[in-house]
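Rule-based calculations on the coordinates, nothing more; no lab input. Nothing here was measured: the structure is a model prediction, and the numbers come from that model. Methodologically, a virtual Cβ is constructed for each residue, glycine included, from the backbone with ideal geometry; neighbour enumeration extends over all protein chains shown.
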Amino acid sequence: MTATLPVADVDLSLDRVFTPTEERILTAALGLIGRRGVRRLGMREISEAAGVSRGTLYRYFPSKDDVLAAAADYDERRFGTGLDEVLAAVTVPAERIGVFIAYAFDFIRSHPARSLFESEPEFVLSYLLDHLPALRGELMERLGDALDAVPAVAEGAIDREQLADVIVRLFLSSWIIPESDEASLVQSVSRMLQISPA
């Protein structure tokens with residue numbers, strides 16, 4: 001069984017800026033998705049959790065499908081923006097990889113919808129599999145030459161794409177199988193890649 005997010009009638013263009021009201025609605029929706037699941041999510045609960053009237057909710061998002069699609073877009077932008085901010089502070093290639101790993105695992109650990117896998121594993125798996133190529137591409141774009149700092153890449157044992165694939169798969173598996181010790185996992189991955197942890 002596969003589950004995909006619906007195509008929404010809301011603006012999902014790359015240059016879209018979310019209003020504070022939209023952010024409040026989408027943040028509330030992500031929290032509810034984690035607690036209630038996608039199937040049990042209702043527009044009334046979203047409006048109550050966001051502290052907006054149902055009329056306001058429907059003005060921004062005419063349907064639950066629109067909320068879900070916009071929440072996925074908002075979440076991807078939130079991750080990307082935060083990642084860009086932490087990467088901008090680091091110029092040493094190996095440190096950039098360490099910063100990415102630390103940020104990515106922290107993002108998952110604190111994600112409001114992380115518990116969704118417990119109630120709707122098929123939805124989460126389908127979503128992650130659908131987004132694997134894009135995530136790998138984003139990692140390649142953001143880290144690029146920094147991946148060459150990993151000895152296995154520098155020595156030609158694997159190429160950048162293979163390394164990006166492994167890192168993304170570790171990142172996604174962390175969503176499904178929570179770590180008992182987040183810091184230890186980041187340190188283990190950093191040691192495996194032979195880079196300094198952030």
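Phi angles across the stretch 62-71 convert, under the Karplus curve 6.51 cos²θ - 1.76 cosθ + 1.60 with θ = phi - 60°, into 3J(HN,Hα) values of x, 8, 4, 4, 5, 4, 4, 5, 5, 5 Hz, Gly and Pro given as x.
Could you list 165, 159 so that the one with the fewest beta carbons within 10 Å of its beta carbon is first and the one with the most is last? The partial results should precede the final answer.
Details: 165 18, 159 13.
Ranking 165, 159 by Cβ neighbours within 10 Å, fewest first, gives 159, 165.
Here the contact order of the stretch 86-198, divided by its residue count and restricted to Cα pairs under 8 Å and six or more residues apart, works out to 41 percent. May I ask you to derive the relative contact order of the stretch 14-71, considering only C-alpha pairs under 8 Å and at least 6 residues apart, and to give it as an integer percent? The normalised contact order for the stretch 14-71 reaches 40 percent.
Here the contact order of the chain, divided by its residue count and restricted to Cα pairs under 8 Å and six or more residues apart, works out to 26 percent.
Average 1/r across all pairs of distinct alpha carbons in the stretch 131-198, invert it, and you get the Kirkwood radius: 12.6 Å.
Using only helices, what value at 222 nm comes out for the chain when you add -39,500 (n - 2.57) per DSSP H run of length 4 or more and divide by the total residues, to the nearest 500 deg cm²/dmol? Working shown, then result.
Numbers: 10 runs with 134 residues, N = 198.
About -21500 deg cm²/dmol.
When Cα extents along the principal axes in Å is calculated for this entry, the matching label among [x] 66, 39, 34; [y] 54, 41, 30; [z] 58, 33, 27 is [z].
Sort 23, 95 by Cβ crowding within 10 Å, fewest neighbours at the top. Don't jump to the answer; show the numbers that get you there.
Working: 23 14, 95 18.
Placing the least packed residue first, the sequence is 23, 95.
Using Cα centres only, tell me the gap between the stretch 56-71 and the stretch 136-172 in whole Å. Their Cα centres are 36 Å away from one another.
Within 15 Å, Cβ to Cβ, of residue 149, how many net charges do the neighbouring residues add up to if Lys/Arg are +1 and Asp/Glu are -1?
Within the 15 Å Cβ shell, the charges total -1.
Exposure proxy ranking for 57, 87, based on other Cβ atoms within 10 angstrom of each Cβ and starting from the fewest, stands as 87, 57.
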